[in-house]
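The values are calculated or read from the model by the stated rules, or taken from the named source; none is laboratory data. A quick note: this is a predicted structure, and the numbers were derived from the prediction, not measured. Cβ coordinates were reconstructed from backbone atoms using ideal geometry, including for glycine residues, and neighbour counts include every protein chain displayed. All accessible areas refer to the heavy atoms of the entire protein, side chains included, with ligands and DNA or RNA removed. Shrake-Rupley method; radii C 1.70, N 1.55, O 1.52, S 1.80 Å.
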Amino acid sequence: MKGYSMKKLIVCLILSWLSFAALCQEAGKPNFVVISLDTFRADRLKAYGGKGDLAPNLEAFSKEASVYVNSMTPSPVTLTAHATLMTGCFPEKTNLFDNGIGVLSPGVRTIAEVLRENGYDTRAFVASDVLKAKYGLSRGFAIYDDQLGAGRRRFAFQVTERGSAYLQGKKAGPFFLWLHYFDAHQPYLTPDDVPGSMAGKYEKAVGYVDSQLKRIFDSIPPNTYVFIVSDHGEGLGDHGELTHGILLYQPTTTVVIMVKGPGFKPSMNKDFRTLADIAPTIYRIAGVKCPEMDGYALDSGEGRSVPLSLLLPLNEYRWKPLFGASDGRYKWIKGDRARLFDLASDPGEKNDISSMAPKEALQLKKLIPSYEDIRGRVDLASFSGLGYLTGTPSKDTQIDKFPDPESMLEVFDSIDEIRALREQDNFSEAAGRLAGLLKKDPGNPSLLFSMGDSLRHTGQIDEAVKWLDESLKVSPALVPSWISKALALFGKEKKEEAVYCLEKALSYDHDNIEALNPLAAAYLDLDKPDKAFPLIEGAIARGLADADTYLMQGRAHLFQKKYEAAAQDFDKALELSLDPRMTRKAIADRYLLYGYDDYGLKYLKSSIAIFPDYAPYYLTLGAYYVARENYPAALPFFEKALECPMKAEDRKNVVDIVEELKKGMELEQGQQQ
């Protein structure tokens, strides 16, 4: 591929002098809007073979756009695909092969960098932590809004609110706007789903994203080019893959590319295109000099091919990485062995023709990436731990003995089921399922972590630590394991050891709020405010803070007798809270802890007025009066708690408390008589 780089640069430069540049000079510099639809399966649109009944706004857009129906991503992984989209370069140049690992290569230029140098205002609103600024895609953006809070993602309406506000506002010159929508990614949640629910449906999520795009379309000003792309698709059971990131078949590697703007006529183009073609197209329209890239302008006649790579199975599960290459007609996929498919006659990729590969397919085979070349450039220390569990294995790890992901689909499906159990707090059943899976796949760090963390939640602390230590032997950068081990050690009153684990987690991922919050709290407990306050203040300054961060700062302000500041912190905590009931109780607890009894009791009673069926409020009030030996005042609160929903084991404990209180009060009355 490198041999063609100079030819591509020359072609791009020549094209940039042609009709689009002349057109734009007449009309003023054009604007650009790139809308990336994460995990959007192309065949949910009619132009790509769908029924056309899920996304009416996208369907209407497609009828007025140039639609490229034979388009492919270099990897069905969010960060990797978006790096290619935003640079025109394949992963071998961007150095971003997986989520959470690496930083965009310094020699690779983003669309935002090039356009900003040419007078453009550049803005981005992303919807997932997977695209945090620290990975390098923020380069060149005047504003890169990745402050997502505790949820680590945005709903489509939140992206649309920001995007439409910008589009409708006053702008001094031309602009480049990138809007990223994440709702079609597992667990496919929309705003009307129950918080914490895993029951979202893919088609529903697709329809929800589409419903939010109309406001954007209606806000597009004249002389604006709109690019709608997907970064990858979703398996949805095809080839045995429920989601994405495990296999390299068409359902996850085919992408949407649609363009609407001056010079792009409504059409259905069947020539092969890739995500690397977006940047060269924008440069051509804008009439700016092109940096070196792997893609070509969408309307150029150059032949194309795309190298395929998928390191997520290796990094997260210690299964073989997959590689491949495609020119739109032929497609190679290499795991345990290299297989070849003729996409023209076999779009379902069912028949391996590698034993009779035609000459052009053999030439294509030479473009399949090499793991050895890639591994030498991916640094374990760059692992972030956000959203995806593990880091790259050590450089001396022999991957030949790792299983092919295709042979592990049953395990992968079970991992998804166990993830759902854990989301529902069903940790005992999850641990039982994991015990069986670990017999089939004992070196899987994701399973080892899940086993240890599930046991921690069931109170089996010593066993939990053993499993978590095993996961860290396999993957030393496994941030969730360091965090879970720390929480287990806190339960054993081993605070210094727990602090070490949290510090280790932050050494791999300094933005991980799940490590940062308990570490700051531990510093406060250990009377080390000089270490706690910089963590809290830094999290707030970097837009990482969640409800727990502000609760902690409020606690510190109460300790310092700064009541007004604490009240503001608590208000902010409620604003960010994913569970206002629990947050309100936590606020009351802090008032009571630091002697602000009147405020604490008042806060609990006002919370009961809002959430009358939340048992912890009554239990806290009951415990408050028990601690002061005011048993007659305590009893009604415990009795009221029994009218609220609670777990069977908790209910039994409260019943015992009520009975003990009644007996004690009867005994006291008898003695008085």
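Just a few scattered comments:
- Difference of contour (0.36 nm per residue) and Cα-Cα distance, Met356 to Ser370: 2.7 nm
- Chain lengthening between Lys528 and Arg215 when straightened (0.36 nm per residue, less Cα-Cα): 107.7 nm
- Full extension of the chain between Glu292 and Asp656 gives 123.7 nm of extra length, using 0.36 nm per residue less the Cα-Cα distance.
- Phi to ³J(HN,Hα) by Karplus 6.51 cos²θ - 1.76 cosθ + 1.60 over the stretch 103-113, Hz, x for Gly, Pro: 9, 3, 3, x, x, 9, 9, 8, 4, 4, 4
- Proximity of backbone amide H atoms, modeled 1.01 Å from N, is registered between Asp121 and Phe175, Phe176 at under 5 Å, excluding neighbours fewer than 5 places apart on the same chain.
- Global form of the stretch 42-184, assessed from the alpha-carbon gyration tensor, a/c cut-off 1.5: rounded
- Rounded to the nearest Hz, the phi-derived 3J(HN,Hα) couplings of the stretch 264-269 under the Karplus curve 6.51 cos²θ - 1.76 cosθ + 1.60 (θ = phi - 60°) are 9, 8, x, 6, 10, 9, where x marks glycine and proline.
- Computed about the Cα centre, the dipole magnitude for the stretch 481-589 is approximately 220 debye when only Lys and Arg (+1) and Asp and Glu (-1) carry charge, each at its Cβ.
- Taking label positions 7 Å along the Cα-Cβ direction at both Leu667 and Lys494, the computed distance is 3.9 nm, reported to one decimal.
- Among 462-471, 443-452, 80-89, the order from most to least packed when residues are scored by Cβ within 10 Å on average: 80-89, 443-452, 462-471
- Computed over protein heavy atoms with a 1.4 Å probe, the accessible surface of the chain works out to 42 Å² per residue.
- With 30 Å as the limit, the listed pairs Lys132/Lys485; Lys132/Lys401; Lys365/Lys440; Lys51/Lys334; Lys29/Lys51; Lys201/Lys504 have Lys132/Lys401; Lys365/Lys440; Lys51/Lys334; Lys29/Lys51; Lys201/Lys504 beyond it between alpha carbons.
- Tensor-based shape of the stretch 589-673 (alpha-carbon gyration tensor, a/c under 1.5 rounded, otherwise prolate or oblate): oblate
- Placing R0 at 41 angstrom, the Cβ-Cβ distance between Asp597 and Asp425 gives a FRET efficiency of 0.80 after rounding to 0.05.
- Inter-probe distance in nm under a simple model that places probes 7 Å from Cα toward Cβ, at His510 and Ala609: 4.6 nm
- Rounded if a/c under 1.5, otherwise prolate or oblate - the chain, Cα gyration tensor axes: prolate
- Label-point gap, in nm, between Lys401 and Ala541 - each point 7 angstrom along Cα→Cβ: 4.8 nm
- Here the stretch 231-383 is assigned +1 on the Cβ of each Lys and Arg and -1 on the Cβ of each Asp and Glu. Its dipole about the Cα centre then comes out at about 260 debye.
- The long axis of helix 479-491 is offset from the longest Cα principal axis of the chain by roughly 0 degrees.
- Local net charge near Glu349, Cβ-Cβ under 11 Å (Lys/Arg +1, Asp/Glu -1): -1
- Farthest towards the positive end of the charge dipole of the chain, among the residues Ala547, Ala615, Ala627, is the Cα of Ala547, using unit charges on the Cβ of Lys, Arg, Asp and Glu.
- Karplus-derived 3J(HN,Hα), 6.51/-1.76/1.60, for each residue of the stretch 278-290, Hz, glycine and proline x: 6, 4, x, 5, 5, 5, 5, 5, 6, x, 10, 5, 8
- Packing, taken as the mean count of other beta carbons within 10 Å per residue, orders the peptides 406-412, 166-172, 306-312 from highest to lowest as 306-312, 406-412, 166-172.
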